[in-house]
Amino acid sequence: MKNNKLSDTVQSAYLLEYGRRKIRVCADTFQNLAQIFGEEEQKEEDGSGQERTVLFLKKSLVKERQLFAGNLKEMAEMMNRAAEETIRFIRLGSRRQKQLIRGLSGEGLNAREIYLVQRGDGRMELSVLLSARPARGRGSRTADEAADCLSVLLDMRLVSSKRNPFFIGAEPMCYFFEEEAEYVYLTGTARAVKETETVSGDNFAFFEAGDADLVLALSDGMGSGEEAGRDSEAVVDMAESMMGAGLDAQMTVRLMNSAMAGERSGEGLPTLDLCCLDLYEGECAFLKAGAAASFIKRGSAVEKITGTALPLGAFGEAQVQPVKRSVSDGDYIVMMTDGMTEGWPNGDGERQMELLLSGMNGISPAEMAGILLRFAIEQRGGRIRDDMTVLCAGIWEKKDGE
C-alpha cells in the first residue's frame, strides 16, 4: 500500500512538473516575441522628403507594435504565474474513505478517489470522484446536496466549488468541495438617469471570479446616453469575462487599458472601478481607473478610497496599484460614479457623503444606496444633470446554522 501511495505521489509530481515546463516554454516564446515587437524604436525623420501622412502612419504602426508587445508580455506573465501555482493531493485514510463512501452511497451517490487538496494559498478542498445512481421517486442529485452530506460526515462546513456542474450525472466526474467562507454579504444599488436622456451611461455588475468571492464592477461611460451606456457596458462585460477566465484584477485592468489605448481622445474614454472581496480572509482590494472615490464604513468611521485620475486607455504603461483594506463584521463598501458627488453647491460632495454615511446604522445595503442617491439629488435642487449610480455591499460574519 505504501509503495502504491509513493508511486502515485511520484507520478503526480512528474505530471505537474511536465505541465509547468510546457507552460514556461510558451511563456518564454511570448516574452521573446514581445521583445522583437518592442525593440523597434521610432527613428527621427527629417520630414523634408516625406509626406505627413506617411510619417503619421509610421508613428501609428510603431504605437500598435508597442501595444501588441505589451499584451504579449502580459500573456507571458500570466503563464508564468500559472506555472508557479502549487497544489498538493493528500489521500485520506482507508477508514475515513470508507465512512464517506458509505454515507454518500446512502444518498444515491457512488464515490471514490477521495483526496484532500491543498492549494498554493493554503486553502484546503476536498476532491471526490462522484456519480449518481438512478432511483425511482428520487430526482437528480446535485453537488450542493453532496456538499451537505459531506459536511455532516466530516463535521465541517463545506460548499460546492463554483467550477462544479450543478447536477451529478451517471458518468463519474471529479467534484471539488471547499470550506464555507467566514463572511456573507448583501448588495444594493440605486441609480438615476440624466434628466435629458432615457439611457444611463453608467453600468455595473456583481460577480464571482477566481479567488474573489465577490467583485463589484462599475463603469462610467463618460458622457451620457446610449453611446456612453454601450461603452460602459462593454467595459464591465470585458472585466467580468477576463476575471472569470482566471486573470487577476490588476492584469485585467492593464490588458483593458492596452486594448483601449489610442482608440479615442482622452475625453471619451470610460472609467473602471473594481472592488474584489475575499470572504475567507476578510480582505478587499480596490482598483480604480479614472473612477470616483469609494468609501468603507465601519461603525461611525468612514474611510475614503481614491485612485488614479486617468480613465482606461489614457494612463500609458503605468500600472494601477490596488488599495487593500481589511473588512470585518458589519462593514459596508460603497462605490459610486462622479455624478453622485460633483456639481454640489459648496463643491464638497465627497465630504458630505462621508458625514451622511457615518450616521447610518442598522439598515440594508439597498436602503443605504437609496438614501445616498436621494440625498445627492436633493443637494442639486432635485435636478439630475449627470448619470448617478451607487453600489453598496454589507459584510457580516456567518453564524452557525445559517
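Any read-out appearing in this document is the output of simple, stated calculations on the displayed coordinates, not a laboratory observation. Just so you know, these numbers come straight off a predicted model, no measurement behind them. Note that we place each Cβ from the backbone using ideal geometry, even for glycine, and neighbour counts take in every protein chain shown.
Would you kindly state how much longer the chain becomes between Asn110 and Met173 on full extension, computed as 0.36 nm times their sequence separation minus their alpha carbon distance, in nm to one decimal?
21.6 nm
Let me test this: with uniform point scatterers at the alpha carbons of the stretch 188-308, what is the Debye-based log₁₀ I(q)/I(0) at q = 0.14, 0.15, 0.18 1/Å? For the stretch 188-308 at q = 0.14, 0.15, 0.18 Å⁻¹, log10 I(q)/I(0) is -0.62, -0.71, -0.99.
Lys and Arg at +1, Asp and Glu at -1: add these up for the other residues within a Cβ distance under 10 Å of Lys162 and post the number.
For residues surrounding Lys162, the net value is -2.
In this simple spin-label approximation, Arg123 and Lys398 carry label points 7 Å from Cα along the Cα→Cβ vector, and these lie 1.1 nm apart. For the residue pairs Lys162/Lys288; Lys194/Lys399; Lys194/Lys297, the alpha carbons lie more than 31 Å apart in Lys194/Lys399. Would you work out if the stretch 293-402 is rounded, prolate or oblate? Take a ≥ b ≥ c from the square roots of the eigenvalues of the alpha-carbon gyration tensor; rounded if a/c is under 1.5, else prolate when a/b is larger than b/c, oblate otherwise. It is oblate, given that a/c is not under 1.5 and a/b is not larger than b/c. Taken along the Cα-to-beta-carbon direction at a fixed 7 Å, the label points for Leu355 and Ser151 span 4.5 nm. Just so you know, the Rg over Rh for the stretch 95-241 is 1.17, from Cα atoms, with Rh as the Kirkwood radius. A simple spin-label model places pseudo-atoms 7 Å from Cα toward Cβ; at Phe207 and Thr142 they are separated by 2.2 nm.
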